[in-house]
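Visitor: A single structure is presented below for examination.
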Amino acid sequence: MAVISYFIKFLSKSGAVATFILAALIFTLGGIKWSVPILTFFILSSLLSKLRKRKNADVDTYFEKSGVRDHMQVLANGGLGGVLVVINWIYPDEIFFLLYTAGLASVCADTWATEIGTWKKTATYNILNLKPVIQGASGGVSWLGTGGALAGSLAIAFSGILWVEFSYILYVILIFLAGLAGCFVDSVLGASVQRQNKCSICAGITERRIHCGLPAEYYKGIKLINNDVVNFLAGMSGAFLILILNSIIKF
Ligand SMILES: [Zn+2]
């Protein structure tokens, strides 16, 4: 799949290598159970990304990266899963599978919020001060994007359902909520600390390092916190919420 994804431009060369290593690790140590959720995320998100590009390509200029994913993006979304599958292999415990799907639900909710939210031109607001922002801006939220987040989180919640050892309903609700929480954290970090650059040609504010063919200059945010770091932290937050809930209600 990594090779096919490279040829159909879902992944860059480095993204394909990272995907191959991560997928091999997850399948070898976690089997089908751990593979289905990440495949669900990968396949459906890649398809959504391609569909969105066809419908609304100009939003792409504001994103840090285009629909072709590189290794840092793969690790930002799947790295936590790679770590958890190894920990679970050494110290088997069902909680790690829940943390894994919660983290995936967060990054999937965030990805689908972006892909579906930019499907067509729609009013977008900064999540912190609710002022109108350009569609595709970091920390921007819209009704359509929120619908995408709900769908993305639910898709991952259902993808793990066959292997749950307690109430299916409780499992779906937990993972769904964790995914939404992670996605919310993603937007808040995107609107506050994530690095933004300013294009020296069109003066547009962007996550991208290159804009209008030239390097964009630092504008605001913490220099080291790019979109990949924010995505990774969003996944961690979703998983962390499950840890907190588990310590309260023990499932
Ligand atoms: Zn520009």
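The values are calculated or read from the model by the stated rules, or taken from the named source; none is laboratory data. Fair warning: this is a prediction, and the values are worked out from it, not measured in the lab. Note: ideal-geometry Cβ built from the backbone for every residue, glycine included; neighbour counts use all protein chains shown.
Visitor: Within region 209-232, restricting attention to residues that are out of contact with any helix residue (DSSP H, G or I) (no Cβ under 6 Å at 6 or more places or on another chain) and under 14 Å from Met72 (Cβ atoms), which residue is modelled with the lowest pLDDT?
Guide: Here is the first cut: in region 209-232, the ones out of contact with any helix residue (DSSP H, G or I) (no Cβ under 6 Å at 6 or more places or on another chain) are 209-227, 229.
The next check asks that each one be under 14 Å from Met72 (Cβ atoms); those that pass are 209, 224-227, 229.
Values: Arg209: 82, Leu224: 94, Ile225: 94, Asn226: 93, Asn227: 92, Val229: 96.
Only one residue tops the list, namely Arg209.
Visitor: Could you please find all residues in region 73-105 being hydroxyl-bearing (Ser, Thr, Tyr) and in contact with a Phe, Trp or Tyr (Cβ under 9 Å, 6 or more places away or on another chain)?
Guide: Kept after step one, since they are hydroxyl-bearing (Ser, Thr, Tyr), are these residues of region 73-105: 91, 100-101.
Tyr100, Thr101 - these are the residues of region 73-105 that are hydroxyl-bearing (Ser, Thr, Tyr) and in contact with a Phe, Trp or Tyr (Cβ under 9 Å, 6 or more places away or on another chain).
Visitor: Which pairs turn up if I take residues in region 208-231 that are under 23 Å from His71 (Cβ atoms) and in a loop (DSSP other than H, G, I, E, B) and look for partners that are among the small types (Gly, Ala, Ser) and within 12 Å of the ligand (Cβ to nearest atom) with beta carbon separation below 9 Å, at least 6 apart in sequence or on another chain?
Guide: So the pair list comes out as Arg208/Ala216; Arg209/Ala216; Ala216/Ser200; Ala216/Gly204.
Visitor: In region 125-183, how many residues are under 23 Å from Leu47 (Cα atoms) and free of Cβ contacts under 8 Å to residues at least 12 places away in the same chain?
Guide: Total satisfying the criteria: 1.
Visitor: List pairs: first residue in region 32-56 and under 17 Å from Leu162 (Cβ atoms) and hydroxyl-bearing (Ser, Thr, Tyr), second residue assigned to a helix (DSSP H, G or I) and at pLDDT 95 or above anywhere in the structure, Cβ distance under 7 angstrom, at least six positions apart or on different chains.
Guide: These pairs meet every condition: Ser35/Ile26; Ser35/Phe27; Thr40/Ala155; Thr40/Ile156; Thr40/Ser159.
Visitor: Can you confirm whether Ile173 is more than 16 Å from the ligand (Cβ to nearest atom) and among the β-branched types (Val, Ile, Thr)? Give the steps one after another, and end with the answer.
Guide: On the way: more than 16 Å from the ligand (Cβ to nearest atom): yes; among the β-branched types (Val, Ile, Thr): yes.
It is true that Ile173 is more than 16 Å from the ligand (Cβ to nearest atom) and among the β-branched types (Val, Ile, Thr).
Visitor: Among (1) within 21 Å of Val36 (Cα to Cα); (2) in contact with a Leu (Cβ under 7 Å, 6 or more places away or on another chain); (3) at pLDDT below 95, where does Thr122 come up short?
Guide: Failing condition for Thr122: (1).
Visitor: Sticking with this structure for a sec: Mind checking whether some residue in region 189-198 is over 19 Å from Glu115 (Cβ atoms), without any contact (Cβ under 8 Å) to a residue 40 or more places away in the chain, within 16 Å of the ligand (Cβ to nearest atom) and of a type in the set (A, V, I, L, M)?
Guide: Within region 189-198 (the criterion being over 19 Å from Glu115 (Cβ atoms), without any contact (Cβ under 8 Å) to a residue 40 or more places away in the chain, within 16 Å of the ligand (Cβ to nearest atom) and of a type in the set (A, V, I, L, M)), the answer is no, since none of the residues qualifies.
Visitor: On to the next question. With (1) crowded, with 19+ Cβ neighbours inside 10 Å; (2) under 14 Å from the mean Cα position of the chain (by Cα) as the list, and Ala151 as the residue in question, which single condition is left unmet?
Guide: (1)
Visitor: Separate question: Which number in (1) within 16 Å of the ligand (Cβ to nearest atom); (2) over 20 Å from Val107 (Cα atoms) marks the one condition that Ser167 misses?
Guide: Ser167 satisfies every listed condition except (1).
Visitor: Looking at Ile134 and the list (1) surrounded by fewer than 20 Cβ atoms within 10 Å (Cβ to Cβ); (2) at pLDDT 95 or above, which single condition is not satisfied?
Guide: Only one criterion is unmet by Ile134, namely (2).
Residues checked against (1) in contact with a Lys or Arg (Cβ under 9 Å, 6 or more places away or on another chain); (2) within 16 Å of the ligand (Cβ to nearest atom); (3) of a type in the set (Val, Ile, Thr):
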position: Tyr218; (1), (2), (3): yes, yes, no
position: Lys223; (1), (2), (3): yes, no, no
position: Leu243; (1), (2), (3): no, no, no
position: Lys250; (1), (2), (3): no, no, no
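Conditions tested, residue by residue: (1) more than 13 Å from the chain's Cα centre (by Cα); (2) modelled with pLDDT of 95 or more; (3) of a type in the set (A, V, I, L, M, F, W, C); (4) not in a helix (DSSP H, G or I).
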| site | (1), (2), (3), (4) |
| --- | --- |
| Arg54 | yes, no, no, no |
| Thr61 | yes, no, no, no |
| Ser66 | yes, no, no, yes |
| Gly79 | no, yes, no, no |
| Asn88 | yes, yes, no, no |
| Thr101 | no, yes, no, no |
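Visitor: Could you tell me whether region 218-234 includes any residue that is of a type in the set (Asp, Glu) and exposed (fewer than 15 other Cβ atoms within 10 Å of the Cβ)? Even if it seems obvious, please write down each step before you answer.
Guide: Here is the first cut: in region 218-234, the ones of a type in the set (Asp, Glu) are 228.
Retained after the next criterion (residues that are exposed (fewer than 15 other Cβ atoms within 10 Å of the Cβ)): none.
No, the conditions are met nowhere in region 218-234.
Visitor: Looking at region 129-186, which of its residues are in a helix (DSSP H, G or I) and acidic (Asp, Glu)? Working first, answer last.
Guide: From region 129-186, those in a helix (DSSP H, G or I) are 143-159, 161-163, 168-186; that's our starting set.
Selection gives Asp186 alone.
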